[in-house]
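Encoded as structure tokens, the structure appears first; notes follow it.
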Amino acid sequence: MAIDKITLEILKNHTRAAAESMAFTLYRTAHSTFVKETEDFTTGLTTPTGETFATPTELGATWFVGLNYSGAIKLIDDYKPGDICMTNDPYSGFVCTHPPDMHIWKPIFHKEELVAFSVGHIHNTDVGGAVPASLSRSLSEVHQEGVRMPPMKILEEGKLNQKMLDVFLTNVRAPEQNWGDLKAQIAACNTGERKVHEMIDRFGVDTFRNGVGDLLDYAEQQARAIISDLPDGEYDFSEYIDEDSVNGWPCRLRLLLIIKGDELILDFTGSDPQLESSMNMPTGGDPRHVLMMVGVVYVLYSLDPRLYLNSGITRACKCILPSGTIVNPTFPAAVGMRTLSCNRLHGLTFGAFAKAIPDRLMGAPASGGPILNVNTTDTLTGRRIMAAVNPMTGGSGGTKLADGTDGSGANSGFLKNSPVEVNEVEAGIKVHSYGLSKDSAGPGEHRGGLGTDFIFEALSPNTKVTARNRDRTRFSGWGISEGKAGGASKFIRNPNTDKEFNLRNTDILSLDPGDKIHVTCGGAGGWGNALNRDHESVLLDVKRNWVSVNKARLDYGVVIVSGEYNLPIVDVNETKKLRSTMRISETPNQSFYSLCDSRIEYEKVWTKTNYDVLTKCLANLPVTWRFYAKHRIFAEIEKWDPLDSKRLNGVAIKATYNKMLKEFPDLERKKST
């Protein structure tokens, strides 16, 4: 039974405040830098069946607004007061999305009735496994990504399951840190339980129970209203990760966005096959899985910030996730680096929506900067260190109204900056510089946001650094409406020395004392023609050292000269002449998107036709053969004569595929069964 709107609004504020209180408890009591500084955690309240109806907006990560805990909740036979359950296994109910994320949930009872769960997750800096911090694209199965705890009770009727805890802590590299964060999670769930009891005392259990359902319905209605305002149609877009494995071929994510009335269909057919690396996204084929919904929620919330954030939003959406692909892998595919593929997925979603409403959305978000972790030894104390370092993020894309935000924004805005002093003390490194990356923003009438730039030095031998999410050294973020692509990311060892080495997308390395690392996040894409940008805005960027004098001339047609006191000024007459010349020689962009040169060259060979044929061929193979087959086909296509039309129209792919079937006759027999 629906409750009145005034009471519902009051209850809505109470539920959100409860989730915020949970988040504050976790934030203030956590031990690891990545939780207490970067804030990679969530808290919330769910229905007895697992739908999230309340989530914080001031603290923590923003990914899991629509997370449904039902898959994990069902794997526990019986709930009693005082129980708290936990899991970090991505394949147990498809709630956890990679092993470092520990999810916990606590049943909340009113008398003997289960009325809600208090829930949340934190990203553990390390959960054991093959590499420090547990994450690397080099890993090929989930067993390598750390200890996995299936859904179990860590507290049973208030009593700690010490044996279970011992198994977990024995297998991680920083057990005190993990135990401290877990206790913070438990405290947050207890806070949520207390807040629910307070709401029931105030509103009554019937109003609370009915109100929770109404809040989910309310968010669904809001989402449908926003979608109804969008133009119906089909909007196709693709994005790429630089490599599908260590030194591999590009990895494609493809989305056909269908807007129909007040509903969305997101068809990911044409995305790459399941990878033999750790960038797979474990969705279990759930058509509303939270990983697939993050970009959608960001878009809808950007269009109307009044949208109430809970699982009701996802009811207006449906995803098509082909089995055995990067968006729906089968066990035991590695999934630890799903953060990288999800970041690219967000940009893919933004890009598809931007085609529908270009004046309301932005160019590609900045990306390619890693989340750095350090495993080393403090020379003075002998203390072993396993710590996260400042996440390397960047700004948002330019829009019709304004430049993108710099340094942080879009889908990475929730990752908070870690102070330099904290990084030095807790990670055992020396920071040489940290700031915005010059010339990284995509040019435009409204430029994209700048990426960040970080230089640090190792102080001890055998310092292990993991740099998860390294990407965008080849394919940088796209601009829209004539805005240009953002700058590429960089990862350099010992820069400006005779030992300089370009690490590109390497994500794990060992450093000696004195070794320096220079890492940057790629910039965001621009919006609109850069020649229309106000020249005073270009001058201001030059004065701030965000845009070089050379780039001001080449990208914006603005001539900067030295004025009084040697300060930079705009030569207005020369700028007018240069811009006039540049407009005459401009090549009209036939595409809505402005792509980087590397992507343009790549897609000259890997056309839509080629990818359509490849997708159909791979779908006929067993899942375990698809990655191999893709690599073999790519290698063969490289050998074909560049002038042969068969290389571009799918004929060469089909020929290579048929050749492989003849070579391995079991595949043909498997195909016919």
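The values are calculated or read from the model by the stated rules, or taken from the named source; none is laboratory data. Predicted, not measured: the structure shown is a model, and the values here were computed from it. No Cβ is skipped: glycine too gets one built from the backbone with ideal geometry, and neighbour counts run over all protein chains shown. Heads up: the accessible areas ignore ligands, DNA and RNA and are worked out on the full protein's heavy atoms, side chains in. Shrake-Rupley method; radii C 1.70, N 1.55, O 1.52, S 1.80 Å.
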Cβ-Cβ distance below 6 Å, separation of 6 or more or different chains: which pairs start in the range 89-116 with a residue that is more than 20 Å from A61 (Cβ to Cβ) and end on one that is aromatic (F, W, Y) and part of a loop (DSSP other than H, G, I, E, B)? Y91/F331; P107/Y79
I'm told V127 meets every condition in (1) closer than 23 Å to D166 by Cα; (2) surrounded by fewer than 24 Cβ atoms within 10 Å (Cβ to Cβ); (3) under 21 Å from the mean Cα position of the chain (by Cα) except one. Can you identify the failing condition by its number? (2)
Output the qualifying pairs, or none if there are none: Cβ atoms under 7 angstrom, residues six or more apart or on different chains, first residue in the range 169-195 and among the small types (G, A, S), second residue part of a helix (DSSP H, G or I) and open to solvent by 40 Å² or more (accessible area, probe 1.4 Å). A184/T29; A187/T29
Identify the residue in the range 1-30 that is within 32 Å of the chain's Cα centre (by Cα), open to solvent by 70 Å² or more (accessible area, probe 1.4 Å) and not charged (D, E, K, R) and, among all such residues, is farthest from G192 (Cα to Cα). N13
Out of the residues in the range 584-610 that are open to solvent by 70 Å² or more (accessible area, probe 1.4 Å) and assigned to a loop (DSSP other than H, G, I, E, B), state the one that is modelled with the highest pLDDT. E586
Within the range 62-74, is even one residue open to solvent by 10 Å² or more (accessible area, probe 1.4 Å), under 20 Å from F208 (Cα atoms), in a strand (DSSP E or B) and not small (G, A, S)? yes
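Going by what's in this entry, would L340 be described as touching a strand residue (DSSP E or B) at 6+ places or on another chain (Cβ under 6 Å) and either surrounded by 24 or more Cβ atoms within 10 Å (Cβ to Cβ) or at pLDDT below 95 (or both)?
Judged against the criteria, L340 is not a match.
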Just to verify a result, which residue in the range 611-645, among those that are free of Cβ contacts under 8 Å to residues at least 40 places away in the same chain and among the acidic types (D, E), is most open to solvent (accessible area, probe 1.4 Å)? E638
Whether any residue in the range 207-224 is under 27 Å from the mean Cα position of the chain (by Cα), outside any helix (DSSP H, G or I), at negative phi and small (G, A, S) is what I want to check. no
Flagged in the range 84-118 as under 24 Å from the mean Cα position of the chain (by Cα), within 18 Å of E51 (Cα to Cα) and either among the aromatic types (F, W, Y) or open to solvent by 10 Å² or more (accessible area, probe 1.4 Å) (or both), in numbering order, are S92, G93, F94, W105
Selection from the range 174-191 of residues that are open to solvent by 40 Å² or more (accessible area, probe 1.4 Å) and either under 20 Å from A72 (Cα atoms) or at pLDDT below 95 (or both): N190
How many residues does the range 355-371 contain that are farther than 14 Å from G477 by Cα, among the aliphatic types (A, V, I, L, M) and either open to solvent by less than 10 Å² (accessible area, probe 1.4 Å) or not in a loop (DSSP other than H, G, I, E, B) (or both)? 3
If N375 satisfies every condition in (1) buried (at least 21 other Cβ atoms within 10 Å of the Cβ); (2) touching a Phe, Trp or Tyr at 6+ places or on another chain (Cβ under 6 Å) but one, which is the exception? (2)
For the range 208-264, which residues satisfy the criterion of being under 30 Å from F109 (Cα atoms) and of a type in the set (F, W, Y)? F208, Y218
V561 - would you say it is among the hydrophobic types (A, V, I, L, M, F, W, C), loosely packed, with under 13 Cβ neighbours inside 10 Å and in contact with an Asp or Glu (Cβ under 9 Å, 6 or more places away or on another chain)? yes
Looking at (1) in contact (Cβ under 8 Å) with a residue 60 or more places away in the chain; (2) surrounded by fewer than 24 Cβ atoms within 10 Å (Cβ to Cβ); (3) over 30 Å from V205 (Cα atoms); (4) not acidic (D, E), which is the only condition P151 fails? (3)
Which numbered condition in (1) open to solvent by 10 Å² or more (accessible area, probe 1.4 Å); (2) modelled with pLDDT under 95 is the only one that S418 fails? (1)
